[in-house]
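Colleague: My structure is below; once you've seen it, I'll send some questions.
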Amino acid sequence: MRHSQRGISFIGFILILAVGGIFIFVGLKIGPTYLEYFTIRNAINKVAAEATSADIGAIRKSMDRQMTIDYAASYKPEFIRVVRDNDNLNLVLNYEIRQPLVYNLDFVAKFNHTAPIKRP
């Protein structure tokens, strides 16, 4: 009489749980950094769409106002700059974040986004 196994063993179940737990842990550590980037990127797009000139002071003031509404803890005004490309003006977001992951292991995320400034 043949006996066949069904399902997974207890050790297999524990291994699947451990791998899943590691992925969830890493996702919970890295996820907020990406959510913050999307917040800053949306603010850059909104400011670029509403900008009427290439005055970096006015753009930074508008960006600060936007960051008061959509709070992003790691945002610094140095992250943005106005770049002239031929006849077009672009608002460029470029920054790097280093966050601790576990003990002495960090992760580094580099973000870069360009939003065209519409001319009136």
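A short reminder: the numbers here are calculations on the coordinates, not readings from a lab. Keep in mind the model is a prediction, meaning the values are calculated, not measured. No Cβ is skipped: glycine too gets one built from the backbone with ideal geometry, and neighbour counts run over all protein chains shown.
Colleague: Using Cα-Cα distances under 8 Å and only pairs 6 or more residues apart, what relative contact order does the chain have, in percent?
Modeller: 24 percent
Colleague: Moving to a separate point now. Among 90, 42, 104, determine the one that fluctuates most according to a GNM of the chain built with springs between C-alpha atoms less than 10 Å apart.
Modeller: Comparing 90, 42, 104 in the GNM, the peak value goes to 104.
Colleague: Ok, one more. Which longest uninterrupted range of the chain lacks any chymotrypsin sites (Phe, Trp or Tyr not before Pro) assigned by DSSP to a loop state (not H, G, I, E or B) and surrounded by at most 16 other Cβ atoms within 10 Å?
Modeller: Maximal segment without exposed cleavage sites: 1-70.
Colleague: Compare the Cα positions of 93, 105, 115 along the charge dipole of the chain (+1 at Cβ of Lys, Arg; -1 at Cβ of Asp, Glu; about the Cα centre) and return the one farthest towards the positive end.
Modeller: Highest projection toward the positive end goes to 105.
Colleague: To continue, here is another question. Out of (i) 14.0; (ii) 16.2; (iii) 17.5, which label holds the value of Kirkwood radius over Cα pairs in Å that was computed here?
Modeller: Of the labelled values, this structure produces (iii).
Colleague: What does the charge count around residue 82 come to, taking other residues whose C-beta lies under 11 Å from its C-beta (Lys +1, Arg +1, Asp -1, Glu -1)?
Modeller: Once all neighbours under 11 Å are counted, the net charge is +1.
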